[in-house]
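Below is one structure, written out as C-alpha cells; the observations come after it.
The values are calculated or read from the model by the stated rules, or taken from the named source; none is laboratory data. Predicted, not measured: the structure shown is a model, and the values here were computed from it. Positions of Cβ are generated from backbone atoms using ideal geometry, with glycine treated the same way; all protein chains shown enter the neighbour counts.
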Amino acid sequence: MYNVREKIGIYPGSFDPVTLGHLDIIERSSKMFDKLIVAVLHNKNKKALFSAEERVKMIQSVTSHLCNVEVSSFEGLSVEFARAKGAHVLVRGLRAVTDFEYELQMAQTNRAMCPEIDTIFLTTDLRYAYLSSSIVKEVAYFDGNIEMFVPAAILPLVKEKLMEDNRK
C-alpha cells in the first residue's frame, strides 16, 4: 500500500472585493485539487475597502456550492502559508501579458524560496480579461453599475461599504 497525499492548492489574493473573474478561477481550479484554499491576504500596508474578515465571508458565501473550497486569511508570504497548509501548488490568474511579467517574477521568487511549491497560471475567461477589483471599486465609487463585474451577493455589500466610506 502507498500513501496518497491530498492535493491541496492555494489561490492567494486580496479579493477586495471578489469579482466574477476571481470566481471563474476559483471554480475552475477547484476541479484540479482535492482541496482549494482561497487565501485572502491581509496586508497592513494597503488600505482595503473591506477587512480581511469581510472578504473571507464574501468568498465563503459565493463559493458555498463548491464542497472542496476553504477560505482563510493570512499575513506574510503566500509560500509560507502554502507550506503551513501542506499545499504544493499556488494558483494565479492571468488577464493579460502585463500580468504575466509580474506573476512570472513572483513565481520564480517563490520557487527560489520554496522549491517544493509550484505555481500554475490559469488564463481568465475572456469575459473578465479586463476586470480587476480596482476597476470595480472605481466604477462603484462613481455610482456606476457593477452588476456585470461581481457575484450578485456582493453587489449590495460594495454599495453599502462605499456609502459608509462616503459618510466618514
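Listed conditions (1) out of contact with any strand residue (DSSP E or B) (no Cβ under 6 Å at 6 or more places or on another chain); (2) under 21 Å from VAL18 (Cα atoms); (3) at pLDDT 95 or above; (4) hydrophobic (A, V, I, L, M, F, W, C) are all met by ALA129, apart from (3). Once the stretch 12-48 is narrowed to residues that are of a type in the set (S, T, N, Q) and assigned to a loop (DSSP other than H, G, I, E, B), the residue that is surrounded by the fewest Cβ atoms within 10 Å (Cβ to Cβ) is ASN45.
For the stretch 143-157, the set of residues classified as without any contact (Cβ under 8 Å) to a residue 40 or more places away in the chain and crowded, with 19+ Cβ neighbours inside 10 Å consists of ILE146 only.
Of the residues examined, ALA140 is one that is more than 18 Å from the chain's Cα centre (by Cα), crowded, with 17+ Cβ neighbours inside 10 Å and not in a loop (DSSP other than H, G, I, E, B). The requirement of being basic (Lys, Arg), surrounded by fewer than 17 Cβ atoms within 10 Å (Cβ to Cβ) and touching a residue at least 12 places away in the same chain (Cβ under 8 Å) is fulfilled nowhere in the stretch 110-124; no residue meets it. Here LYS161 clears all of (1) buried (at least 16 other Cβ atoms within 10 Å of the Cβ); (2) farther than 19 Å from ARG28 by Cα; (3) at pLDDT 95 or above except the condition numbered (3). Does VAL89 count as under 19 Å from HIS42 (Cβ atoms), surrounded by 15 or more Cβ atoms within 10 Å (Cβ to Cβ), touching a strand residue (DSSP E or B) at 6+ places or on another chain (Cβ under 7 Å) and β-branched (Val, Ile, Thr)? It is false that VAL89 is under 19 Å from HIS42 (Cβ atoms), surrounded by 15 or more Cβ atoms within 10 Å (Cβ to Cβ), touching a strand residue (DSSP E or B) at 6+ places or on another chain (Cβ under 7 Å) and β-branched (Val, Ile, Thr).
Contact map, the stretch 2-21: residues that are more than 13 Å from ARG92 (Cβ to Cβ) and modelled with pLDDT under 95 paired with residues that are in a loop (DSSP other than H, G, I, E, B) and of a type in the set (Asp, Glu), Cβ distance under 6 Å, separation 6+ or inter-chain. Pairs shown: GLU6/ASP34.
Filter the stretch 49-68 down to the residues that are in contact (Cβ under 8 Å) with a residue 60 or more places away in the chain, over 20 Å from LYS31 (Cα atoms) and buried (at least 19 other Cβ atoms within 10 Å of the Cβ) and list them by number. Passing the criteria: LEU49, PHE50, MET58.
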